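J.: Questions regarding the structure given below will be posed in turn.
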Amino acid sequence: MLASGLVGMVGMGLAPAAEAAFNSNQTSVQMFHWSWNNIAKECSSYLGPQGFGAVQISPPNSALKGVNWWDMYQPVDYSVLTSKMGTEAQLQTMINTCHAAGVRVYVDVVGNHLAAGSGTSTAGASFNAATLSYPRFSAPDFHSACDIQASDYGSPGNRNSVMNCRFSSSFCITLI
């Protein structure tokens, strides 16, 4: 299920921006928690004209709806690009604007776990970690309920725990 989810995420409907001549500068800027609209303005008014090579943006997928900075790193649905930073249309406009200004866009992606707890995502989807019910994922898609311990790292004999258990309270998706 994960493979099809990630393939779907890669081909989600965001159209490639028009061919642009990117700035040759290798300097990038991390625009953590900026709205897509504000990043677009920054690309056209400052980053592009100053020759910056790239901008790194926060995860764009639907995530935990909350007030903490780290909520965006608690994904709920990888196939919906509505987040605290804006809508899919605003994301596409920002990418096009940055590319037109010569600035590449790099996306911070969380691809191995889903949010704990229960509630509603930034896109309005319901989820419940207790029953492992998420949009596009259910119980068979997750690692066993065993937890990875700090002592599991660095010990070849504990490789199984690191590969097949959950990290802390995260609900890790089975990759194979």
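The values are calculated or read from the model by the stated rules, or taken from the named source; none is laboratory data. Everything numeric here is computed off the predicted structure, so don't read it as measured data. Please note: Cβ atoms are built from the backbone with ideal geometry, for glycine as well, and neighbour counts cover all protein chains shown.
J.: Of all residues in segment 47-71, how many are crowded, with 23+ Cβ neighbours inside 10 Å and closer than 18 Å to Phe127 by Cβ?
T.: Selection size over segment 47-71: 4.
J.: Being out of contact with any helix residue (DSSP H, G or I) (no Cβ under 6 Å at 6 or more places or on another chain), closer than 25 Å to Asp141 by Cα and of a type in the set (Val, Ile, Thr) narrows it down to one residue among Val80, Val29; which is it?
T.: Val80
J.: Please go through segment 81-120 and give me each residue that is more than 27 Å from Phe52 (Cα to Cα) and buried (at least 22 other Cβ atoms within 10 Å of the Cβ), ordered by number.
T.: Leu114, Ala115
J.: Let me ask something additional. Please return the ranges of strands (runs of 3 or more DSSP E) entirely within segment 36-155 where 1 or more residues are within 28 Å of Asn23 (Cα to Cα).
T.: 54-57, 104-107
J.: Applying the selection to segment 8-35, what residues are modelled with pLDDT of 95 or more, within 30 Å of Pro135 (Cα to Cα) and not in a loop (DSSP other than H, G, I, E, B)?
T.: Across segment 8-35, the qualifying residues are Gln30, Met31.
J.: Kindly provide the set of residues from segment 43-91 that are of a type in the set (Ser, Thr, Tyr) and under 17 Å from Asp108 (Cα atoms), ordered by number.
T.: Result: Ser58, Ser62, Tyr73, Tyr78, Ser79, Thr82, Ser83, Thr87.
J.: Now, a different point. Tally up the residues in segment 122-153 that are surrounded by fewer than 13 Cβ atoms within 10 Å (Cβ to Cβ), in contact with a helix residue (DSSP H, G or I) (Cβ under 9 Å, 6 or more places away or on another chain) and of a type outside the set (S, T, N, Q), please.
T.: 3
J.: Could you check how many residues of segment 23-40 are surrounded by fewer than 15 Cβ atoms within 10 Å (Cβ to Cβ) and of a type outside the set (S, T, N, Q)?
T.: 2
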